[in-house]
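Novice: What follows is a structure written as structure tokens; I'll ask about it next.
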Amino acid sequence: MRKRLIVSAAASALSLLLVVPASAADFQPGAAGIGDPYYPTYGNGGYRVSHYDIRLKYQPATDELEGTTTILATATQDLSRFNLDFALNVSEVRVNGRTAAFATSGEQELEITPARPLAKGAQATVVVRYKGVPSTVKKYGFTAWLRTPDGGVAAGEPEGAWWWFPSNDHPSNKATYDVSVLVPDGNQVISNGVLTGTSSTAGWTRYTWRENKPQATYLATLAVGKFDLAQDTTPSGLPVYTAYSKDLGENADAARASVERTGEVVDFLSGYFGDYPFSSVGGYVPNVTTGYALESQTRVFYSPRQFSRGANTSVVAHELAHQWFGDSVSLSRWSDIWLNEGFARYAQYLWSEHENEGTAQQLADYVYASHPADDPFWTVKPGDPGPDNQFAGAVYDRGAVAIQALRNAVGDEDFFTILKGWPTEHRYGNATIPEFQAYAEKVSGKKLGDLFTTWLFTPSKPAVGPVVPGAAASLAAASPSAQGTDAAPAEPKSWKKIQESTAEHAAGHAAGH
């Protein structure tokens, strides 16, 4: 309540100068979207989050979730109001300890008006209390919460956080995480990072996980159910967590035969991409009906269907490559998806070589020759595919062929310097395709604009395949890719496993939306 004071005009003016640091007009609401052209309403303006502390209580039998999320943020403007992205019912919001007004708008906007406006540069502690049944909540016509026979899973791209914690939901705002979840005894909780503790009382068990490196919101994962949860270490001492639903049926053994090789694959990829960037690694396979995998930071999500045709270490290589390309070095905007998916697919090419099932060049030649010029495959631009084609096969396959074309253009020495140097130079940050091109040009000393335009931004089949410039005429004449013909070379042995690993990814997103 405002009290009226009777003071002299001069004293009143002085007190206003002392209490109000800026004109009220200087404080404006933060934008309801972060400005990404693909998803205009995702993310928010006016602040940046540095940490999420998420405390939940979840009942697997009913899918009821209640929680309190504490967000540490810094205002990037004089802020009168700001938004979070969230889908569940909110009961209370506090900003810096004071009750804040809140309302909902649009599909997932939680509008918060603090009792006191936030000055630019000010740090804020935002506490949100909430509850709901995530599987029943639909936004844009879908729910990203995956209900299982014994619980639930949050693993989705480009959105997934809204169903279990409020956030600034865009990969350009990464933060650290503490996730603590209370579940009935006999259930397990899986999340990102390192398991820092478990405790039980009165029939409930609390699991506490910590991810101490910056993480994008869509890479945060949560799974509750009955799992075989195990912890081991790699030879170098890196903690490895793996978990499998107890009811995977006939896919259980193939899943284990694949995911249990996580440490081996990480060591292999580290030889190409540099030191592994996080404090733990692993993967889990819940009993879901989806067909895709997701590179959740440190804790990869796999669908059982990934292993319905037997073991598949190729998908493990793909998702673990994302720990460097996508998780450590993350997108600045969703149109740069090639920096994630092209390089993860190329990691499968490298793994194929390692397993003697086809070289990267053979795989690139096969992709190029297998798609005739009039195939819609070539109309997708990996460097800017649009939101409807963000997870189209061409982003993966044409994207990987573009990387082989780059390798041939700059030579192996510079190429592998780029492959290791890029994720090292941008570790824990965000980046764009133009920044990657500039880096590749700096390392190689070559102008690469035409190559990037041809392979990433032109909606037609390149006239010449991914060949080494100046190759002998006899070799060029023998190469279907060099001739630009549609005659396909022999299918590499690894090809089907590579396709299985991501064939349902785009379909899964399309169904979700």
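The values are calculated or read from the model by the stated rules, or taken from the named source; none is laboratory data. Quantities reported herein were computed from a predicted structural model and do not represent experimental measurements. Glycine also receives a Cβ, built like all others from the backbone with ideal geometry; neighbour counts cover every protein chain displayed. Heavy atoms of the whole protein, side chains included, go into the accessibility calculation; ligands, DNA and RNA do not. Shrake-Rupley method; radii C 1.70, N 1.55, O 1.52, S 1.80 Å.
Novice: With r defined as the distance between the Cβ atoms of A490 and A257 and R0 fixed at 30 Å, what FRET efficiency is calculated, to the nearest 0.05?
Specialist: The formula returns an efficiency of 0.65 here.
Novice: On a full-extension model of 0.36 nm per residue, what is the gain between S308 and E425, subtracting their alpha-carbon distance, rounded to one decimal in nm?
Specialist: 38.3 nm
Novice: May I pose another question? Please compute the alpha carbon radius of gyration of region 27-85, then divide it by the globular-protein estimate 2.2 N^0.38 Å. Two decimals is fine.
Specialist: Working it through for region 27-85, the quotient is 1.43.
Novice: From the P(r) of region 268-389, could you give the percentage of C-alpha pairs in the tail past 24 Å?
Specialist: 35
Novice: Can I ask one more? Using only DSSP helix segments of four residues or longer, with each worth -39500 (n - 2.57), what per-residue ellipticity at 222 nm results for the chain after dividing by its residue count and rounding to 500?
Specialist: Calculated mean residue ellipticity at 222 nm is -8500 deg cm²/dmol.
Novice: In nm, to one decimal, how far is the modelled label at A31 from the one at N212, with both set 7 Å along Cα→Cβ?
Specialist: Each label point lies 7 Å from its Cα, and together they span 3.5 nm.
Novice: Next question, about the same structure. Under a straight-distance cross-link criterion of Cα-Cα below 14 Å, which aspartates and glutamates are reachable from K442, leaving out those fewer than 8 residues away in the same chain?
Specialist: E413, D414, E425
Novice: Another one. Using only the alpha carbons of region 59-162, determine the length spanned along each of the three principal axes and report them from longest to shortest in whole angstroms.
Specialist: Principal-axis extents of the Cα atoms in region 59-162, largest first: 47, 24, 20 Å.
Novice: Right, next: Can you tell me what share of the DSSP beta bridges in the chain is antiparallel? A percent to the nearest 5 is fine.
Specialist: So the antiparallel bridges amount to about 80 percent of the total.
Novice: For the pair T76 and K131, how long in nm is the line joining their label points, each one 7 Å along Cα→Cβ?
Specialist: 3.5
Novice: Right, something else. So for region 101-247, Kirkwood radius off the Cα pairs, Stokes-Einstein at 4 °C and 1.567 mPa s: how many µm² s⁻¹?
Specialist: D, rounded to a whole number, is 75 µm²/s.
Novice: A follow-up question, please. What net charge do the residues around R333 carry, taking every other residue with its C-beta under 11 Å from that of R333, with Lys and Arg at +1 and Asp and Glu at -1?
Specialist: -3
Novice: Another one. Write down the accessible area per residue of the chain in Å², having rolled a 1.4 Å probe over the full set of protein chains.
Specialist: I get 40 Å² per residue for this part.
Novice: What is the sum of charges around R98, taking Lys and Arg as +1, Asp and Glu as -1, for the other residues whose C-beta is under 13 Å from the C-beta of R98?
Specialist: So the surrounding residues net to +1.
Novice: Express in % the proportion of alpha carbon pairs of the chain at distances exceeding 45 Å.
Specialist: 18
Novice: Would you mind computing Rg(Cα) / (2.2 N^0.38 Å) for region 348-469, counting N as its residues?
Specialist: Against the empirical 2.2 N^0.38 Å value, I get 1.05 for region 348-469.
Novice: Report the percentage of all Cα-Cα pairs in region 230-302 whose separation exceeds 19 Å, rounded to a whole percent.
Specialist: The calculated P(r) of region 230-302 puts 33 percent of pairs beyond 19 Å.
Novice: Okay, moving on. Given a 1.4 angstrom probe, I'd like the percentage of the accessible area of region 42-118 that is carbon and sulfur, rounded to a whole number.
Specialist: 44
Novice: Take the residue pairs K446/K493; K57/K139; K174/K461; K213/K420; K461/K496; K57/K138 and return only those whose Cα atoms are more than 26 Å apart.
Specialist: As for pairs spanning more than 26 Å Cα to Cα, those are K446/K493; K174/K461.
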